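J.: Following this message is one structure expressed as structure tokens.
Bear in mind these aren't lab numbers, they're just calculated from the coordinates by the rules spelled out. Remember, predicted model here, so these are calculated numbers, not experimental data. All Cβ positions, glycine included, derive from the backbone under ideal geometry; neighbour counts span all protein chains shown.
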Amino acid sequence: GAAIGKRRLGPSILQRLDHLEEVVYNQLNGLAKPMGLVEGPGGLGQGGMAATLRDDSHESETKYEEYGYNAQLSDRISLDRSIPDYRPKKCKQMTYTDDLPQISVVFIFVNEALSVILRSVHSVVNHTPSHLLKEIILVDDNSDNVELKFNLDQYVNKRYPGLVKIVRNNKREGLIRARIQGWKAATSPVVGFFDAHVEFNIGWVEPALTRIKEDRKRIILPAIDNIKYNTFEVQQYANAAHGYNWGLWCMYIIPPQDWLDKGDESAPIRTPAMIGCSFVVDREYFGEIGLLDPGMEVYGGENIELGMRGIGIQSCWSQRL
């Protein structure tokens, strides 16, 4: 009898759940609509495809100048858009244990477009197992863009209550000290540092946490693809290591021969330099080695500093941003 009753109740329960899901979605999407933003599946830019607007206007040109990318288009692309999975086949087949350490994700920004920041937040929530993501920390390096004050606070507090913290600097500190502020606010065993204009993909966090669990003295660099500034198309970057030239500018270089000889794209690449906008590290170990140099005032120094100090850095192609 119970089985039959269950079959009879099934469709009505499913209808109620579908209705509840629609109600919840409409309530949550109601947070985005008043700000001119879009949530949920579908729409422009899905699958990381290039997108354009028919009504490109003076406003669009103004936003180009303000942000350096097509912020008007970003506002029309869903905060939950999908992007292509460019991981090597072997990476997609890997499995991981359930007892990985938790991570705090730190985003730093100054006068970034609100939609770009929120898409970064949505994508990390959507593509990180909830038991591994302890918190998201937004470090506002003294922005003067008004929508990054009340609108941002209201949105994240209602959309992700208890998950997102906002740290606001009273003066412009620069990206190095902003990252350090994020580290100070973090409480989980592992911290990931990112600029607030990234989109995460499925399976990005497990490889990094696994490598750090094996050896806490590793700094892990997720693989980075490119989001085109004008169309928001996601373009795949080839596997590469990070090095630097005589001007000490970080640059992509061919992976070392021993890595190429392995013929295993899922293997991490030891690298002497790093991209400061995307790295994952054990929180306590990062403090033990002195963090980043707070005396660095401009972009670029963090890309080579840790490598020159002899810290072990690995690019991990099992994870892509």
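J.: Gaussian network model of the chain, Cα springs within a sub-10 Å range: biggest mean-square fluctuation belongs to which of Thr97, Thr231, Thr52?
T.: For the chain, modelled as a Gaussian network with Cα springs under 10 Å, the answer is Thr97.
J.: Tell me which trypsin sites (Lys or Arg not before Pro) from region 124-159 have a DSSP coil assignment and no more than 15 other beta carbons within 10 Å of their own.
T.: For trypsin sites (Lys or Arg not before Pro) across region 124-159 that sit outside H, G, I, E and B with at most 15 neighbouring Cβ atoms in 10 Å, the list reads Lys149.
J.: Quickly work out the Lys158-to-Asp55 label distance, labels modelled 7 Å from Cα along the C-beta direction, and quote it in nm with one decimal.
T.: Distance between label points: 2.3 nm.
J.: Compute the FRET efficiency between Lys90 and Gln257 as 1/(1 + (r/R0)^6), taking r as their Cβ-Cβ distance and R0 = 35 Å, and round to the nearest 0.05.
T.: 0.95
J.: From Cα coordinates alone, what are the radius of gyration and Dmax values for region 29-125 in angstrom?
T.: According to the Cα coordinates of region 29-125, Rg and Dmax are 16.4, 52 Å.
J.: Hey, fewest Cβ within 10 Å first, where do Asp153, Asp261 land in order?
T.: Exposure proxy ranking, most exposed first: Asp261, Asp153.
J.: Moving on to the next point. Could you work out the relative contact order of region 72-173? I mean the mean sequence separation of Cα pairs under 8 Å and 6+ apart, divided by the number of residues, in percent.
T.: 30 percent
J.: Output the relative contact order of the chain, whole-number percent, from Cα pairs under 8 angstrom with separation of 6+ residues.
T.: That works out to 20 percent.
J.: Using θ = phi - 60° and the Karplus form 6.51 cos²θ - 1.76 cosθ + 1.60, what ³J(HN,Hα) does each residue of region 60-74 get, whole Hz, x for Gly and Pro?
T.: Per-residue couplings from phi come out as 4, 5, 4, 5, 4, 5, 6, 10, x, 8, 7, 5, 5, 5, 4 Hz.
J.: Further question on the same structure: Give a residue-ordered list of calculated ³J(HN,Hα) values for region 166-176 (Karplus: 6.51 cos²θ - 1.76 cosθ + 1.60, θ = phi - 60°; whole Hz; x for Gly, Pro).
T.: 10, 10, 10, 6, 6, 9, 5, 9, x, 5, 5
J.: For the chain, state the average projected area of the convex hull of the C-alpha atoms over all orientations, rounded to one decimal in nm².
T.: 19.8 nm²
J.: So which chymotrypsin sites (Phe, Trp or Tyr not before Pro) in region 206-267 end up in coil per DSSP with only 11 or fewer other C-beta atoms within 10 Å?
T.: Filter output for region 206-267: Trp246.
J.: Leaving out same-chain residues fewer than 8 places away, which lysines sit with a Cα under 22 Å from that of Lys213?
T.: Lys90, Lys92, Lys134, Lys184
J.: Would you pull out the residues with amide H under 5 Å of Val167's amide H, same chain only if 5 or more places away, H placed 1.01 Å from N?
T.: Residues meeting the amide H criterion: Leu138, Val139, Asp140.
J.: If you don't mind, another one. For region 183-252, compute the orientation-averaged projected area of the C-alpha convex hull (one quarter of its surface), in nm².
T.: So the Cα hull casts an average projection of 7.0 nm².
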